[in-house]
1. From (1) surrounded by fewer than 19 Cβ atoms within 10 Å (Cβ to Cβ); (2) in contact (Cβ under 8 Å) with a residue 24 or more places away in the chain; (3) farther than 17 Å from Phe120 by Cβ, pick out the condition that doesn't hold for Thr51.
2. Kindly evaluate Phe66 against the criterion of being assigned to a helix (DSSP H, G or I), among the aromatic types (Phe, Trp, Tyr) and closer than 29 Å to Thr194 by Cβ.
Amino acid sequence: MLKKTKSVYWAFAVLILAILATTLFIQENNRSQAKSTRLGGDFTLMTSEGTVSLSDFPDKMKLVFFGYTHCPDICPLTLANVKVALKQLPDNLRSQIQTIFISVDPKRDTPEHLSQYVRFFDPHFIGATDTQENIDKVVKQYGAFYRFVDMPDSSMGYSVDHSAQLYLIGKDNQIKEYLFHDSSSEEIAEILKTALAG
């Protein structure tokens, strides 16, 4: 009887250990998956002056937005609001922000055309694009979205539906805040002040 009781205890202890080991394995696997699916991070794209990466600005926070220059509303509104927001900051804070507009429409948005477009809003803004393949990698990396929409009755030929998040990226190149295309310049300015003070 004693041997039987010991066997039951041993079996129970082995079962508990197996459950603990399985639980720890699942938790560690979930942590690894969370790390691998974390959005954001560095990237390299083309501009009219060569390549650009977030790591080119180690002492700055970055505002990144995906769009295209033929966008009739969301993109110009967002860039205009960022322009006005930056003007509300004192010089010492404004110099710590770099705005990067990424075009998902490389067929029409050459680096040179992009440069002219973003400088209409602010001479310090950077316009970046690349091959569709490289753009898609960055879009996926940031959890963004776009799709081409045929417009057979328009001289444009097509438009682009796209996500409208404005990403505030820290000096460590990780996403700190999500803003939206209709965030007011005052809201953007306050978020930037808070982020830079942190």
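1. Only one criterion is unmet by Thr51, namely (2).
2. No; evaluated as a whole, the condition is false for this residue.
For (1) under 22 Å from Lys87 (Cβ atoms); (2) surrounded by 14 or more Cβ atoms within 10 Å (Cβ to Cβ), each residue gets a yes or a no:
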| site | (1), (2) |
| --- | --- |
| Ile100 | yes, yes |
| Arg108 | no, yes |
| His113 | no, yes |
| Gln116 | yes, no |
| Phe125 | yes, yes |
| Lys140 | no, no |
| Ala144 | no, yes |
| Val149 | no, no |
| Ser155 | no, no |
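Any read-out appearing in this document is the output of simple, stated calculations on the displayed coordinates, not a laboratory observation. Just so we're clear, the structure is a prediction, and the values are computed from it rather than from any experiment. Counting neighbours? That spans all protein chains shown, and the Cβs are built from the backbone with ideal geometry, glycine included.
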